[in-house]
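The values are calculated or read from the model by the stated rules, or taken from the named source; none is laboratory data. Because the structure is a prediction, the values reported are computed rather than measured. Counting neighbours? That spans all protein chains shown, and the Cβs are built from the backbone with ideal geometry, glycine included.
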Amino acid sequence: MAAETSKRSDTHFVASLEKAMRVLEAFGSERPRMGLTELAHATGLDRSSVQRVTTTFHRLGYLDKDSATRRFSPSIRMTELANAYLWSDELVQRAMARLIDLRQTLGETINFSRLSGSDIVYTVRLPSARTSYAAMIAGRRVPALNTSSGRVMLAQRGPEERLACIREWPMQRFTPDTVMCRDTVRDLVEEAAETGYSIAENELQMNELAVAVAVDRSGEGAIHCSVSATLWSRDRLKREVIPRLRDAANGIG
């Protein structure tokens, strides 16, 4: 409510643009294509507003429209926005060579993520042969508290801020083993603060072990390696993967 009041009182805030962005942000893995009624429901906007916004984005080239179903979907031009971001992110640019080297050395999935509010966003994804399509796509947003990357980045903050985030940030269940107890998450974050790494098991998908190391003490980003839990153990991760992640993180930071 406070945020909405602040927006309304800000004379530089363009409310119509916010509504337009809500339409673009409504699309995702669970809703890749939508008609006007679906978009109105997803955004909370009335159908006439959605029609004006989608017509504008369609004419600008940011939305495609199926002539048969009349449903909209993001167009290939949307990738240009992601491209612009990646060129502007100096940390990602510094990280790329080391991420590629890790992928070639370990032969496993390597990701680079950034904190965005209470979520992490995967900005670089270098898959292994076993990686699913969903786990290859950059831009995926996941609650930070449910990931090794998010926990290790949060661990770089001060103790009071860590506790406040653990109390307030949202969580989401992805598998039967996803940790949903905030006391347990607190212990995992505190462990990451002591060790400099965080391990998650079967939390985003079953039979997956994931380990992450923050790139520097500011917690601006994290390198994340994902392996098969049927082929790797925690001890092997600590022995073979974590030292390489630390070396790469030190080189980037």
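Flag: residue 137 matches the condition of being among the aliphatic types (A, V, I, L, M), surrounded by fewer than 18 Cβ atoms within 10 Å (Cβ to Cβ) and at pLDDT below 95. Contact annotation: residue pairs with Cβ atoms under 6 Å, 6 or more positions apart or on different chains, pairing a residue in region 1-21 that is within 27 Å of residue 55 (Cα to Cα) and among the small types (Gly, Ala, Ser) with a partner that is modelled with pLDDT of 75 or more and surrounded by 10 or more Cβ atoms within 10 Å (Cβ to Cβ), are 20/53.
Pairs are defined by a Cβ separation below 8 Å, a sequence spacing of at least 6 or placement on different chains, a first member in region 22-45 that is not assigned by TED's automatic domain parsing to the domain that holds residue 138 and charged (D, E, K, R), and a second member that is loosely packed, with under 15 Cβ neighbours inside 10 Å and assigned to a loop (DSSP other than H, G, I, E, B); the pairs so defined are 22/44; 33/66; 33/69; 38/31.
Within the set 222, 229, 192, the sole residue that is under 27 Å from residue 136 (Cβ atoms) and under 16 Å from the mean Cα position of the chain (by Cα) turns out to be 222. Just one of the listed residues (166, 242) is of a type in the set (Val, Ile, Thr) and within 17 Å of residue 105 (Cβ to Cβ), namely 242.
Yes or no: region 118-134 includes at least one residue that is at positive phi and free of Cβ contacts under 8 Å to residues at least 12 places away in the same chain. Checked region 118-134: no residue is at positive phi and free of Cβ contacts under 8 Å to residues at least 12 places away in the same chain.
Within region 136-157, the set of residues being part of a helix (DSSP H, G or I) and in contact with a strand residue (DSSP E or B) (Cβ under 7 Å, 6 or more places away or on another chain) comprises 144, 148, 149, 150, 151, 152, 153. Residue 68 meets each of the listed conditions (1) over 18 Å from the mean Cα position of the chain (by Cα); (2) crowded, with 18+ Cβ neighbours inside 10 Å apart from (2).
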